[in-house]
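Data block below; observations after.
The values are calculated or read from the model by the stated rules, or taken from the named source; none is laboratory data. Here the structure is a predicted model, which means the values were calculated and not measured. FYI the Cβ positions are ideal-geometry reconstructions off the backbone, even for glycines, and counts take in every protein chain you see.
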Amino acid sequence: MSQMQNVEKHLRGMILGLEIGPGERLTERWIESRFGASRTPVRAALLRLETEGLVCRDGRGWTASPINLTELEQIAVYREAVEVAAVKLTCALEERSAVDVIEAMLDSCDAGTPREEWHRVGMDFTSSWHACPATSSCSGPFAMP
């Protein structure tokens, strides 16, 4: 893994994990010393994170992007509608194996499970769900009647 990829990966994790708070100021020198990287890979990593909206320029420095509460509220409304529709579709299935798959995924994690494992389980579920659209040609556990 290159220096740039290493810095990018770790900064992304720190920002998404809230180790670096929204609006917190970042300096290239701090990042260089923290990750033992030179200035060019640090700048490249910051530019990539900027394209993802995780950091933004602040004069001559950088900040972790602030959280937009209005945007979060809009996302929550959309997410609720999608999740309610997904639950209704799943409950309407004659074949109950989809529910068994969901239960098995949820049962694989408990309060002591690391955040990374919860994330992996969620991504596995999401991949399974989206890989099987609501069509009659789908034969997996998430096939719609």
For this session: Could you list all residues from the range 110-126 that are within 18 Å of the chain's Cα centre (by Cα) and not in a helix (DSSP H, G or I)?
Result: Thr113, Pro114
Exercise. So is Ser108 at pLDDT below 75, surrounded by 13 or more Cβ atoms within 10 Å (Cβ to Cβ) and either within 30 Å of Gly13 (Cα to Cα) or not hydrophobic (A, V, I, L, M, F, W, C) (or both) or not?
Worked result: no
Exercise. When the range 53-100 is examined, which residues are found to be assigned to a loop (DSSP other than H, G, I, E, B), exposed (fewer than 10 other Cβ atoms within 10 Å of the Cβ) and not assigned by TED's automatic domain parsing to the domain that holds Val42?
Worked result: Ala92, Glu94
Problem set entry | Options Glu32, Glu19, Glu8; residue that is closer than 19 Å to Pro66 by Cβ and in the same structural domain as Glu52 (by TED's automatic domain parsing) | Glu19
Seminar exercise, completed: Going through the range 1-35 in order, the residues found to be loosely packed, with under 14 Cβ neighbours inside 10 Å and assigned to a helix (DSSP H, G or I) are Gln5, Lys9, Gly13, Leu16, Arg29, Trp30, Ser33
Exercise. If we scan the range 125-143, do we find a residue that is hydroxyl-bearing (Ser, Thr, Tyr) and either modelled with pLDDT of 80 or more or touching a strand residue (DSSP E or B) at 6+ places or on another chain (Cβ under 8 Å) (or both)?
Worked result: no
